[in-house]
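Below: the structure, in structure tokens.
The values are calculated or read from the model by the stated rules, or taken from the named source; none is laboratory data. Remember, it's a predicted structure, so these values are computed and weren't measured experimentally. So basically every Cβ, Gly included, is an ideal-geometry build from the backbone, and we count neighbours across all protein chains shown. The area values use the complete protein model at the heavy-atom level, side chains included, leaving out ligands, DNA and RNA. Shrake-Rupley method; radii C 1.70, N 1.55, O 1.52, S 1.80 Å.
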Amino acid sequence: QKRDRGLYFAAILSGLEMVPYPVANVSTIFLDDFPAPLYNAVLDPIKTEFNITQADFYQNTWWPDMQQLAKEQNLTYTAIPIFDYRGVTEPPFLYPEWESTTIVKDGKTVIATDELMRSVIASRHELGFHGYNHQSLLKDNWPDQEIMEIAILGAIKKWKSSGFGKLPETYVPPSNFI
């Protein structure tokens, strides 16, 4: 069962020499699919509890709360952004979802998700990589390996052109399929 994976994995790793394994009281937490495209839609369950848009919730409630929790508990997050949820596996690899929601900051209109990325970068947290879209890097999910590589190179180009800093060292496969 999925819930048992960590226990079994830790047990196997603990028997291997010179291999670190997970233990209680760790201080890194992965924020899977964060930042992700933001939507100016009032959707459940956020609608029921807060009656605000999904974009407002992540920008003004959830992320500030998560930053406060990290400060109080001395946690380090690894934010694992996803650029697109459309499931596109054929070029062109564009960013209409990521770029669809804007905010005004310092008198300029900016992409809201870019601002969340910059907030992670400005903090002591790190950024990981989740791919261009939410499709695992498996042959079954892509027409061919060359197209898969084009999508990854497109995400890297977006990362660099948006000024998100050095490329990440952590990769988290979508849906944990590697």
>> Can you tell me which of 32, 65, 44 moves the most in a GNM of the chain? Springs connect C-alpha atoms under 10 Å apart.
In response: 44
> Stretch residue 141-residue 88 to full length: gain in nm at 0.36 nm per residue minus the Cα-Cα span?
Replying inline: 18.1 nm
> How do 158, 47, 139 stack up against each other in accessible area, from largest to smallest, with a 1.4 angstrom probe?
Replying inline: 139, 47, 158
> Which residues does a label at residue 170 reach in region 96-126, if reach means a backbone N under 17 Å from a point 7 Å past the Cα toward the Cβ?
Replying inline: 117-126
>> Leaving out ligands, DNA and RNA, and with a 1.4 Å probe, what % of the accessible surface on the chain is carbon or sulfur?
In response: 55 percent
> Once region 67-114 is represented by equal point scatterers at the alpha-carbon sites, with solvent omitted, what log10 I(q)/I(0) does the Debye formula produce at q = 0.18, 0.19, 0.33 Å⁻¹?
Replying inline: -0.79, -0.82, -1.14
> Taking the chain, how much of its Cα-Cα pair set, in percent, is spaced more than 27 angstrom apart?
Replying inline: 36 percent
> So what's the net charge close to residue 95: Lys and Arg +1, Asp and Glu -1, counting the other residues with Cβ under 12 Å from its Cβ?
Replying inline: -1
> Solvent-accessible area per residue for the chain at a 1.4 Å probe radius, Å²?
Replying inline: 63 Å²
> Taking region 84-178, how many lysine pairs are there with alpha carbons less than 26 Å apart, if each pair must be eight or more places apart or span two chains?
Replying inline: 12
>> Using the Cα centre of the chain as the reference point, and only Cβ charges (+1 on K/R, -1 on D/E), how large is the resulting charge dipole? Debye, rounded to the nearest 20.
In response: 300 debye
> What area, in nm² and to one decimal, does the C-alpha convex hull of region 22-101 cast on average over all directions?
Replying inline: 7.1 nm²
